[in-house]
1. If you check Gly228, Gly216, which single one turns out to be in contact (Cβ under 8 Å) with a residue 24 or more places away in the chain and on the phi > 0 side of the Ramachandran plot?
2. Could you check the stretch 104-143 and list, in sequence order, the residues that are out of contact with any Gly (no Cβ under 9 Å at 6 or more places or on another chain), surrounded by 20 or more Cβ atoms within 10 Å (Cβ to Cβ) and in contact (Cβ under 8 Å) with a residue 60 or more places away in the chain?
3. So in the stretch 47-68, with the set limited to residues that are small (Gly, Ala, Ser) and assigned to a loop (DSSP other than H, G, I, E, B), which one is farthest from the ligand (Cβ to nearest atom)?
4. What is the number of the single condition among (1) within 14 Å of the ligand (Cβ to nearest atom); (2) of a type in the set (Lys, Arg); (3) under 21 Å from Ser16 (Cα atoms) that Lys145 does not meet?
5. Just checking, how many residues over the stretch 182-195 are in a helix (DSSP H, G or I) and surrounded by fewer than 10 Cβ atoms within 10 Å (Cβ to Cβ)?
6. I'd like the full set of residues that are outside any helix (DSSP H, G or I) and under 13 Å from Leu221 (Cα atoms), limited to the stretch 236-265.
7. Look through Asn174, Asn211 and report the one residue that is within 16 Å of the ligand (Cβ to nearest atom) and within 23 Å of the chain's Cα centre (by Cα).
8. Is it the case, given these coordinates, that Leu29 is away from the ligand (no atom under 11 Å from the Cβ) and assigned to a strand (DSSP E or B)?
Amino acid sequence: VSENFVLIGPGRVGISLSYVLKNKGFSLLGVIGRSKERIDYACKLLDAKAVDNFESHIFKKAEVVLITTPDDAILNVACKLRALYPELLLVHTSGLHPSHILGDGPRLSLHPLQSFADVKEALKNLPGSFFSLEGDEKGLEWGKKVVEMLNGEWVIISSEQKPLYHLSACIASNFLVTLFYFALKGMQEAGIEKDKVKKGLLALVDGTIKNIKSFGVPNALTGPIVRGDVGTIERHLEVLREKSGLREIYLQLALFTVKMLEEKKDFKSQLDQIKKLILQHLE
Ligand SMILES: NC(=O)c1ccc[n+]([C@@H]2O[C@H](COP(=O)([O-])OP(=O)(O)OC[C@H]3O[C@@H](n4cnc5c(N)ncnc54)[C@H](OP(=O)(O)O)[C@@H]3O)[C@@H](O)[C@H]2O)c1
């Protein structure tokens, strides 16, 4: 497997991935970034050299370039690189973009289905993660070996599948954070002390995730909808009458929860009543 690589975009994903690759014996030839502060941080952590431009001599030895800039910058970086080095394996880590934005040569989209909020946490989470791979033969071969080295799992997807794949990943990760904020705000509005309730809510989320692991969906679901407690939902909706933004979110999520339960053959008849109530409020 090609081991001499250059990192372009020394952010959370780029630094973490480079760090673990170096630990597996890969050779990081240089780092190209934007802000000096970030480049210095990356070079210190990765014991690497900063590189000024794409024409640097280090590219003579490079086999792979890891492009971990924000999504919107990948195309521009790749175009410049491809014009200079048509045979280099270019790799990006965007969940959305197809690998063909890396041009006609060897290419790979290597997307870790993981959340990188900061480098330290990412280094703990990265090994054993799940990755999606999309690229040409050479790229896919490299990607599989790298993921296996990280004790991770991979799935090959097509470029057409990527937008919906990425959107679904955002729902699972990003919107979980948003939902937590939603719940925390509600508790605070109810007058409950923020620090205490944060701990309580975290335990609730942990417990729920454990239930999903043990029982899957929708079996992990608890609460008024699956119990058929129509009266409880009615009380919730009374509280939400004055809260226009939250009301819509609640109603849409409740409706989606009903739809999820309807997919199960043995759903209770009370579900019809709850669905009717939600639809009335959505009108
Ligand atoms: N974060 C996640 O959870 C996650 C998960 C899976 C995949 N991804 C993907 O991984 C990629 C990187 O995401 P990230 O969260 O690691 O981003 P990030 O932390 O914002 O890092 C991006 C880095 O690229 C640098 N940069 C920006 N434009 C550049 C350019 N033209 N040339 C060179 N460097 C440039 C930035 O410089 P500055 O320091 O000056 O801003 C920054 O250091 C994205 O494609 C993203 O979709 C992210």
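No lab work stands behind these numbers, since they all come straight from the coordinates. Since the model is a prediction, treat every value here as computed from it, not as a measurement. Cβ atoms come from the backbone with ideal geometry, glycine included; neighbour counts cover every protein chain shown.
1. Gly228
2. The one that is out of contact with any Gly (no Cβ under 9 Å at 6 or more places or on another chain), surrounded by 20 or more Cβ atoms within 10 Å (Cβ to Cβ) and in contact (Cβ under 8 Å) with a residue 60 or more places away in the chain: Ala122.
3. By that ranking, first place goes to Ala62.
4. Against the list (1) within 14 Å of the ligand (Cβ to nearest atom); (2) of a type in the set (Lys, Arg); (3) under 21 Å from Ser16 (Cα atoms), Lys145 comes up short only on (1).
5. Summing the residues that are in a helix (DSSP H, G or I) and surrounded by fewer than 10 Cβ atoms within 10 Å (Cβ to Cβ) in the stretch 182-195 gives 1.
6. Residue satisfying the conditions is Lys264 alone.
7. Result of the check over Asn174, Asn211: Asn174.
8. It is true that Leu29 is away from the ligand (no atom under 11 Å from the Cβ) and assigned to a strand (DSSP E or B).
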